[in-house]
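Have a look at the structure below, then the notes.
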Amino acid sequence: MHVKVCKFGGSSLADGNNIRRAAEILRADETRRYVVVSAPGKRFSGDVKITDQLYECYREAAETGSCVNAFAPVRRRFLSIVEELGLEHFDIASILDECERQIIANKSADFTASRGEYLNARLIAALLGWDFVDAQEIIYFNERGMFDEARSYRLIERRLKHCKNAVIPGFYGMDAWGCVKTFTRGGSDISGSIIARGVNAELYENWTDVSGFLACDPRIVNNPQKIGVISFKELRELSYMGANVLHADAIYPVRKGDIPIRIKNTFRPMDEGTLILPSKKYVKHGNRVTGIAGKKDFTVIFLEKQLMNAEIGFARKVLSVLEKDGINFEHMPSGIDTLSLVIESKYLAGGVLDTLIGQIKEAVNPDYVRVLEDIALVATVGHGMTASVGTSARLFTALSQAGVNVRMIDQGSSEINIIVGIDNADYEKCVRAIYFEFFSNATEADE
Ligand code: ADP
Ligand code: ASP
Ligand code: MG
């Protein structure tokens, strides 16, 4: 029989009503056999996600040895969900007591944060009458903290084949020392993708609060066009660059298994959503731009040195400095005698930037160093797009007409991406200018 793996995000499971909606969706299709769930998210703007509240519990427990204050809202939230769902026989109070006790005893941020998914999965399993399978039994990390594919897939297959249906908490697994370890924030998307691969699903359905992947962030452009079909490659570029509908690392497990993803809206289940396909099954749409995404708060360190091109090892020496300091760089656009490092500003706070520049000067002795701070990156993504002269011309004309000063361009070697660096202050203006150029004034070539 065909199998679908579903993942419901925190926005879809924020209260009892929404959880009931998710349960109806699951029951409506018997091939939806396994579901991965997030912790309850925000019910309204300004509300606190359960995961954030749990990090607060960790801080309180670390400081005072108790988390009685920070755990109170978590307790209230789950008690009210269980009440709303009328699960009288489900003893959530004892499970909450046990969680609070373990949070204090365990003293780990990851363990504490994981309890939101754990509790939600326990109660949703009770609601549906499905098996609860703990992620820490089937998702493993190795000694380097990386996801242990071989071990996890073996265990998932073995454990789930005996369950007709199961609810699995997202966001966490077990590390090589037997402790709970979480993925980065938004990581339940990764858990869902791993489970889909582990049971060799025909489809990974990712249920959220929007009717699919939109051509740009709906918080910047009102009601942007929905993307009907997108390739894994395009999606990876867009999610990495901040289109956080799906965690950027959720793509690899299903991509390797050739399993398509469909983004669906829990609140409008009949909407078609977005289908994400392996590149070989994806039919290109000419030179069309598929989507736009971006992030703020980068720093660019620009280095210039005469005859840099002939100096063997220049880039390696610069990168060794970053490696030694444990700093990740995002991009490294280079010219004949120039090289720029684009780094998230958060890694350079508290004097790190000055130290880093000192070390770079010592390592490679550049003629000129310039630092641009408060830079945002905006990526325009689409298959074959950069091969078309017309597309870049339109993009840069649109930006200049909007008065956006382009501080950096990185076309890299990726055929599907043009990244511009602009001032943080121009970020929204830049996204809007590109969106309206390629989506509202669609010409025939864009269809
Ligand atoms: P979930 O709780 O289901 O994991 P997320 O909040 O992580 O949901 O992701 C969905 C949100 O992503 C949407 O509500 C929307 O605000 C935001 N978003 C950002 N960029 C895009 C985009 N390009 N298309 C759709 N949604 C986007
Ligand atoms: N609950 C976790 C978070 O808020 C994981 C997730 O929702 O995917 O980041
Ligand atoms: Mg999410």
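The values are calculated or read from the model by the stated rules, or taken from the named source; none is laboratory data. In this text the structure is predicted, and so the values were computed from the model without any measurement. Methodologically, a virtual Cβ is constructed for each residue, glycine included, from the backbone with ideal geometry; neighbour enumeration extends over all protein chains shown.
For segment 398-420, the set of residues classified as touching a residue at least 60 places away in the same chain (Cβ under 8 Å), surrounded by 15 or more Cβ atoms within 10 Å (Cβ to Cβ) and farther than 20 Å from ARG236 by Cβ consists of ARG407, MET408, listed by residue number. Taking the criterion of being surrounded by 18 or more Cβ atoms within 10 Å (Cβ to Cβ) and within 26 Å of ARG219 (Cβ to Cβ), the residues of segment 296-329 that qualify are LYS296, PHE298, THR299, VAL300.
With respect to LYS164, determine if the residue is in a strand (DSSP E or B) and charged (D, E, K, R). No: the conditions fail for LYS164. Determine whether VAL82 is within 15 Å of ligand 2 (Cβ to nearest atom), in contact (Cβ under 8 Å) with a residue 24 or more places away in the chain, closer than 23 Å to ALA135 by Cα and crowded, with 17+ Cβ neighbours inside 10 Å. Answer is no for this residue. Return yes or no: is PHE213 among the aromatic types (Phe, Trp, Tyr), within 16 Å of ligand 3 (Cβ to nearest atom) and surrounded by 18 or more Cβ atoms within 10 Å (Cβ to Cβ)? Yes.
Does ALA176 fit the bill of being more than 12 Å from ligand 3 (Cβ to nearest atom), part of a loop (DSSP other than H, G, I, E, B) and either closer than 17 Å to HIS2 by Cα or more than 17 Å from the chain's Cα centre (by Cα) (or both)? In short, yes. If you go through segment 23-36 and keep only what is more than 14 Å from ligand 2 (Cβ to nearest atom) and buried (at least 21 other Cβ atoms within 10 Å of the Cβ), you end up with LEU26, ARG33, TYR34. Of the strands (runs of 3 or more DSSP E) lying entirely inside segment 180-259, the ones with 2 or more residues being within 16 Å of ligand 2 (Cβ to nearest atom), hydroxyl-bearing (Ser, Thr, Tyr) and on the phi < 0 side of the Ramachandran plot are found at 203-208. Here LEU13 meets the list (1) within 11 Å of ligand 1 (Cβ to nearest atom); (2) surrounded by fewer than 21 Cβ atoms within 10 Å (Cβ to Cβ); (3) not small (Gly, Ala, Ser) almost entirely, failing just condition (2).
Can you say whether GLY186 is within 13 Å of ligand 1 (Cβ to nearest atom) and modelled with pLDDT of 95 or more, as far as the supplied structure shows? Considered against the rule, which asks whether it is within 13 Å of ligand 1 (Cβ to nearest atom) and modelled with pLDDT of 95 or more, GLY186 comes out as yes. Candidates in segment 94-107 are the residues that are at pLDDT 95 or above and surrounded by fewer than 12 Cβ atoms within 10 Å (Cβ to Cβ); of these, the one that is nearest to ALA23 (Cα to Cα) is SER94.
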